[in-house]
Amino acid sequence: MSNIDRYLFHAFDAVEDELRHETEAGRRPQPEVIRLPMLVRVRRGASLDPGQVPDGSVIAQVGSTVAVLGSLATVAALQSNPIVLGIEASRPGSGLDCIRSVPFVHADVVHGGAFSEEGDEALIAIIDHDIDVLHQAFRDSQGKTRILAVWDQTDPTGPSPKVDGYGTEHTESKINRYIQSGSVPPGLKRVSDGHGTHVASIAAGSPVGTQFPGGVAPKAKIIVVIPNLQVGETDPLSTGYSTSHVAALKYIDDFAQRENLPVVVNLSEGMNAGAHDGTSLLEAAFDEFTEGGRAPGRVVVKSAGNERNQNGHAKLSLGSNSFDLLEWRAKPSRRGQDVIELWFRACDEMKFRLRDPSDPARKSSQADWSNRVVDDYFPCGNRYQIVYERYHPDNGDSRLLITISPGRAPFIEPGPWTLEVESGEVKSSGEMHAWVERSKDRPDFTNHFDEGMTLSIPGTARTVISVGSVAASKPFQVAIYSSYGPTRDGRDKPDLAASGEQIVAAQGNSFVDLVAKDGTSMAAPHVTGAIALLFSYWGKQQRNQGIQNWEHLNAAQIRAAISQMTQQYSGHWNRGLGFGVLDVEKLLSAFTPHLSSLESADAERGQTQVASVTYTNLEEIPLQVAEE
């Protein structure tokens, strides 16, 4: 019998409540059947056919992880299917996670000189909220688009990709027609504060005028997936974060195979749900995309997250027979649910009670080893569910999952919420980690908050390259928002850092305008562009040397090289900088045997590379702080 994430049942209840409110307000009819996105883990080598998903549909499969849209009847059928090992809800979407920075990471050196590489034989895939295909940063010297395709999962007008069956796909030929007409279809929005437009231009933008000399890989080919993220809020019936991203990975892999190109995926958004140890179904899907780091020409880059100063992670430690409180404050706004997760060792016996702001003297029933599901309402009308799962199937640890929804009330009660934690016998260090799931107007912890282990998922996956943010100046300073590692299981992430402060790049809803943004979302595409340069350069080397049956570099090789060939690599890991700041020149030199050490070149170069590009009127370019 397959393991079912209890959160999935609460998600159905929360969406039903949300739809009831929408129906009563006259904003939408109540559907006969509620179908929600979920991830399904199947046995290795097995596949889930549409006929095995009654009342639902298979969206995509990556390795052993299958993205499914289905009802409670679908869940019941999958539970009895012998190839199904687990079922997990797809979580709601979260907020998002050139340029003086291009010379700062020494990418401009690679564009000329001994390398003369601009990434023309590599593919960059951007998973993000938007893309302005009319901006000149995405055109070649002939005025044609460098974007090979855009799959907009949010636009139901079609035509959709043949293999994925929903959303709308804009092909290269269509985008060139949009450029000729100077307009795009209504579904393909041009957003002024466009996050994806900015990110894509950092990784692969073409030069625009005198202020924008181009991105890190200015001739790389580009595809974009605009994911459909929300579940239970603005669009209760969309595909959700986890499911949409598994479908995106499948689309990207198929596209890269058809084009016969290596691909590096840039992801600048994440979530907090999960143990932050690389074992969740979503993390497994990203690792399977790279085949555990072994697949030639497949790499994923993820922004570390902008979580360090958000009080979204708490750490507490209890000895045997002790007591403590975990407190958070709910904000006064209408939203579908608040989600809190606690992870700790399964050998430690814990007991939990929840208190709400309306009546602090009233406590929930106790959740413990003998009473693992508590589901009830507070007098304020809010519904709460506490699920204590010992020996979680992802990692064998314990997870306490708290979900709070408006229930009978119009909103979640604002103010201080309290979780009472009482320990029995503790056989480990007694350390517990808690995360607030990212959402609009989410709560924040008011005690025990800790800036470590704030990397957003799937940046904690084993083969994903996680990138922190620094300013483009020395000495290096980690941005105050840039998430800190390590992972909960003690792995060294982020892997490295790159420029993420006041990054000037393309502004959406314009043809040539630029905007400055801050965020790890801006740091990650520097690394993405660097890997595209390496892919393109490596392939040309193999052909020029007449090497037969060569393969592209894989994620394991590139992750090791890019973190060891940093500007100040010492072999020591830092929880904000990783193993150092990106150096594109050193990265490519690591795969160029005839080049000597770059130490002397670094010393001779000094500051000259930073001054090699002229920037004018930077103070007139607006600054935006981007959410990762």
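Summary of values
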item	result
Overall dimensions of the chain by Cα: Rg and Dmax, Å	24.3, 77
Backbone HN-Hα couplings from phi across segment 421-434 [Karplus 6.51/-1.76/1.60, Hz, Gly and Pro as x]	10, 10, 9, x, 7, 10, 10, 10, 6, x, 7, 10, 10, 10
Which of 429, 454, 532, positive extreme of dipole for the chain (C-beta unit charges)	532
Point-to-point label distance, residue 491-residue 361, nm (Cα→Cβ direction, 7 Å offset)	5.0 nm
Placed amide H near residue 62: partners under 5 Å, 5+ positions off or other chain	67
Karplus 3J(HN,Hα) series, Hz, for segment 583-589 with 6.51 cos²θ - 1.76 cosθ + 1.60 (x for Gly, Pro)	9, 5, 5, 5, 4, 5, 5
Value of [θ]222 nm, deg cm²/dmol, for the chain, DSSP H segments ≥ 4, -39500 (n - 2.57) each, nearest 500	-6500 deg cm²/dmol
Ascending count of other beta-carbon atoms within 10 Å, so fewest first, for 394, 376	376, 394
For segment 495-602: Kirkwood Rh in Å [reciprocal of mean 1/r, alpha carbons]	15.6 Å
Dipole magnitude of the chain, debye to nearest 20 (Cβ charges: Lys/Arg +1, Asp/Glu -1, about Cα centre)	620 debye
Exposure proxy order (Cβ contacts within 10 Å, fewest to most) of 377, 391	391, 377
Fewest-first sequence of 421, 66 by Cβ atoms within 10 Å of each Cβ	421, 66
Cα-only radius of gyration and Dmax that characterise segment 313-445, units Å	14.3, 43
Under 5 Å, built H, 5+ apart or other chain: amide partners of residue 56	none
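Coordinate-derived values only; no laboratory data. Just so it is clear, the model here is predicted, and its values are computed rather than measured. No Cβ is skipped: glycine too gets one built from the backbone with ideal geometry, and neighbour counts run over all protein chains shown.
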